[in-house]
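First up is the structure itself, then whatever we jot down about it.
The values are calculated or read from the model by the stated rules, or taken from the named source; none is laboratory data. Please read all numbers here as calculations on a predicted model, not as lab measurements. Cβ atoms come from the backbone with ideal geometry, glycine included; neighbour counts cover every protein chain shown.
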C-alpha cells in the first residue's frame, strides 16, 4: 500500500476510535442517567446523603454561584475588552501588559484558583465557605474567556462604523454605546454564555470556596453545593451514590450543551453578519 | 485624534477596570506566596525533594512522588493525545466529506465542554473496573493517563485545526498544481507550515493536563508512592491539594500552598513557551 493510502486508513481509524470512545462515554451517561431522571428528582431535597431524593437545592446553589460569578465578571470583562479593543492605540504598553496578564490568568489551574479563593475570599475577606466566595472565585476564572470573546466581537465590527460615527461628530463614548456595543451584542452574549459554561463545569475551584452543604441556601453567605461538586461527592464519598451521580451528570451535561451551543451559534452569527439595525 | 473631556473620563474609568482585571494574577501569586511563607521560613526548599516521605504532620514534606505522578500522567496523556488530536484535525479538514467533517467537529466541541468531574466519574465507574480486570486495583496511573488523554484531545484537535486553517490557501493550491498526493500535501506542506501553531496547541494541552484535578483525583487511586508500573496507584500534586486542604492546618496547609506555587510555575513556563511558538510565525 502506498504511503498516501496508509495515511488515509490511519486517519479514518483515528476518527473512528475517537468517536467510538466518545459515543461510549455519552451513551453510558445517558442510559444510566435517564434511569433516575424525573421532575421530582430535579426539585426535591437530597435524602440519605444524596443516594435518594433529588437535587433541588443543588440546582439553586449552582444557579446562585453562576449568578454571582457573572454579575461580578461582566462589568469588569466588558470594560477591559472595550479598552483593549478600542482605546489601546494611545497606550500600547498598558494594553500589552493587561493582555499578557490575562493570558497567564487563563492558564492558572483550577485547583490554584481554589487555593486562592480559600485564602483570599473565605479567610482574608472573611466571607467563609459561601456561595459568594465560590462565585467570586469563578468570576476571576471566567474573565479571560469573557474578555477574549467580547474583544474579538468588537474587532469584527467594520471600521466604517467608527469612521462614520466620527464623521457625524459623535464622541468616542457615544459611538461606543450607540454603535459598536449594539453591533457586537451577539459577541457579548456569546462571551457571557461561554463564561457560564466554563464556570458551570468547574469543580476543583469550588470545593474549598463554596463548600459541601447540600441544604437549600438561605442567603449568599450560606455554603452551597454546586452540581459538579455533588457529582464528585456522590461518586467518591457516598457508597451507592452512583445512580444519583449519573443522573446529576446528565443534568449538568444537558445544561452545558444547551449553553455552549447557544454561544457557538451566536458566535457564528456575528462572524457572518455583524450589523443589526439601530 | 485627541479625546474630548467626557471621552477622557470614560477611558480613565475603563483603564481602572482593566487594571483591576490585570491585577488578579498578581493577587493570586501574592496570596500563594503569603500562605506558603510560614513554612518557607523554616523549611528549606530542598527538603520538599530530600525528605523521606510525605507526612506533613510529622514535618516530612517530600513532594517527589506527587511530582513524578503529575509528570508521568501528563507525559503519557500528551504522548497519546498528540497523534489522536492531530489525526482528528486532519480528518475533519482533509479527509472527511464536508457533512461528516461538520458533525465530527461538533462532536469534538461537545467533548471540550464536558466537565472534568464527569470524565472522572465515567473513568471511575467504567474504565477503572475494566483495567482492574487486566491488573488490579484498576484505579491507577494508566487509568489516569487514559482519562487525561480524552480530556486534552479536544484541546489538541481544536488548536491544530485552527493552525491548519491559518495556512495560506496559496500553499495548498501550489501543492495541488505540483500534483502532490493528499498525504504529500499534509506531510510536506501544511503540517510544516502550521508547526508552530501545532506546537503551541500541544503545550497548552500539556498545561491543561498538569493542572487537571478532578479527573485524576477520581481515577488514579491517590496512594502517595513513587509509581513503578502503569498499574500502580498514584497521587498527583493537584489531587494532593484537593484531598488534604479540607483538614490541613499550619505548616501542612502552607506546604499545600507551596505545591500550588509549584503547579503555577510549571503552567507559567508552558504558557510562556506556547506564546513563544505562536509569536514565531515562520512558514517553512
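Based on what the data block shows, is residue B:252 without any contact (Cβ under 8 Å) to a residue 60 or more places away in the chain and closer than 30 Å to residue B:59 by Cβ? Break it down stepwise before answering.
Numbers: without any contact (Cβ under 8 Å) to a residue 60 or more places away in the chain: no; closer than 30 Å to residue B:59 by Cβ: yes.
It is false that residue B:252 is without any contact (Cβ under 8 Å) to a residue 60 or more places away in the chain and closer than 30 Å to residue B:59 by Cβ.
Can we say residue B:69 is outside any helix (DSSP H, G or I) and more than 10 Å from every other protein chain (Cβ to nearest Cβ)? No: the conditions fail for residue B:69. State which residue is nearest to the other protein chains (Cβ to nearest Cβ) when the search covers only segment A:234-244 and only residues that are buried (at least 19 other Cβ atoms within 10 Å of the Cβ), in contact (Cβ under 8 Å) with a residue 40 or more places away in the chain and part of a helix (DSSP H, G or I). For segment A:234-244, the residue satisfying everything is A:234.
For segment A:31-42, the set of residues classified as more than 24 Å from the chain's Cα centre (by Cα), assigned to a helix (DSSP H, G or I), surrounded by fewer than 18 Cβ atoms within 10 Å (Cβ to Cβ) and in contact (Cβ under 8 Å) with a residue 40 or more places away in the chain consists of A:34 only.
Among the residues in segment A:85-98, are any within 30 Å of residue B:206 (Cβ to Cβ) and under 17 Å from the mean Cα position of the chain (by Cα)? Looking through segment A:85-98, none of the residues is within 30 Å of residue B:206 (Cβ to Cβ) and under 17 Å from the mean Cα position of the chain (by Cα).
Conditions tested, residue by residue: (1) surrounded by fewer than 23 Cβ atoms within 10 Å (Cβ to Cβ); (2) at pLDDT below 95.
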position: B:46; (1), (2): yes, yes
position: B:63; (1), (2): yes, yes
position: B:76; (1), (2): yes, no
position: B:81; (1), (2): no, no
position: B:99; (1), (2): yes, yes
position: B:125; (1), (2): yes, yes
position: B:128; (1), (2): no, yes
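Taking the criterion of being buried (at least 19 other Cβ atoms within 10 Å of the Cβ) and modelled with pLDDT of 90 or more, the residues of segment B:184-198 that qualify are B:185, B:186, B:189, B:190, B:193, B:194, B:198.
Condition check: under 30 Å from residue B:119 (Cβ atoms) and without any contact (Cβ under 8 Å) to a residue 40 or more places away in the chain. Does residue A:152 satisfy that? If you could, list the steps in order and put the result at the bottom.
Working: under 30 Å from residue B:119 (Cβ atoms): yes; without any contact (Cβ under 8 Å) to a residue 40 or more places away in the chain: yes.
Judged against the criteria, residue A:152 is a match.
Of all residues in segment A:23-30, at least one satisfies being more than 11 Å from chain B (Cβ to nearest Cβ), touching a residue at least 24 places away in the same chain (Cβ under 8 Å), part of a helix (DSSP H, G or I) and surrounded by fewer than 18 Cβ atoms within 10 Å (Cβ to Cβ). Inside segment A:43-62, residues that are surrounded by 15 or more Cβ atoms within 10 Å (Cβ to Cβ) and on the phi < 0 side of the Ramachandran plot make up a count of 13.
Take residue A:113 and tell me if it is modelled with pLDDT of 90 or more, more than 7 Å from every other protein chain (Cβ to nearest Cβ) and within 23 Å of residue A:133 (Cβ to Cβ).
Numbers: modelled with pLDDT of 90 or more: yes; more than 7 Å from every other protein chain (Cβ to nearest Cβ): yes; within 23 Å of residue A:133 (Cβ to Cβ): yes.
Here the answer is yes, as residue A:113 does meet what is asked.
Condition (residue is more than 8 Å from every other protein chain (Cβ to nearest Cβ), part of a helix (DSSP H, G or I), touching a residue at least 24 places away in the same chain (Cβ under 8 Å) and over 30 Å from residue A:18 (Cβ atoms)) applied to segment B:58-65: is it met by at least one residue? Yes, segment B:58-65 contains a residue that is more than 8 Å from every other protein chain (Cβ to nearest Cβ), part of a helix (DSSP H, G or I), touching a residue at least 24 places away in the same chain (Cβ under 8 Å) and over 30 Å from residue A:18 (Cβ atoms). Anything in segment A:179-220 that is away from every other protein chain (no Cβ under 12 Å) and assigned to a loop (DSSP other than H, G, I, E, B)? List them, or say none. Across segment A:179-220, the qualifying residues are A:184, A:210, A:213, A:214, A:215, A:216, A:217, A:218, A:219, A:220. What about residue A:176, is it touching a residue at least 24 places away in the same chain (Cβ under 8 Å) and either touching a strand residue (DSSP E or B) at 6+ places or on another chain (Cβ under 6 Å) or more than 30 Å from residue B:5 (Cα to Cα) (or both)? For residue A:176, the condition - touching a residue at least 24 places away in the same chain (Cβ under 8 Å) and either touching a strand residue (DSSP E or B) at 6+ places or on another chain (Cβ under 6 Å) or more than 30 Å from residue B:5 (Cα to Cα) (or both) - is not met. Within segment B:219-239, being at the interface with chain A (Cβ under 10 Å from one of its Cβ atoms) and either at positive phi or over 17 Å from the mean Cα position of the chain (by Cα) (or both) holds for one residue alone: B:222. Filtering segment B:18-36 for residues that are under 28 Å from the mean Cα position of the chain (by Cα), over 30 Å from residue A:84 (Cα atoms), surrounded by fewer than 18 Cβ atoms within 10 Å (Cβ to Cβ) and not assigned by TED's automatic domain parsing to the domain that holds residue B:159 leaves a non-empty set. Against the test of being within 11 Å of chain B (Cβ to nearest Cβ), closer than 25 Å to residue A:201 by Cα and in a helix (DSSP H, G or I), the options A:132, A:84, A:102, A:176 yield a single qualifying residue, A:102.
Residue check: residue B:274 meets all listed conditions (1) crowded, with 22+ Cβ neighbours inside 10 Å; (2) at pLDDT 90 or above; (3) within 10 Å of chain A (Cβ to nearest Cβ) but one, namely (2). Taken as a whole, segment B:157-168 holds at least one residue that is within 30 Å of residue A:246 (Cβ to Cβ) and touching a residue at least 40 places away in the same chain (Cβ under 8 Å).
Among the candidates A:248, A:228, A:235, A:244, which residue alone is at pLDDT 90 or above, within 25 Å of residue A:27 (Cβ to Cβ) and in contact with a strand residue (DSSP E or B) (Cβ under 9 Å, 6 or more places away or on another chain)? Please lay out each step first, then the result.
Values: A:248 fails: in contact with a strand residue (DSSP E or B) (Cβ under 9 Å, 6 or more places away or on another chain); A:228 fails: in contact with a strand residue (DSSP E or B) (Cβ under 9 Å, 6 or more places away or on another chain); A:235 fails: in contact with a strand residue (DSSP E or B) (Cβ under 9 Å, 6 or more places away or on another chain).
Residue meeting the stated conditions: A:244.
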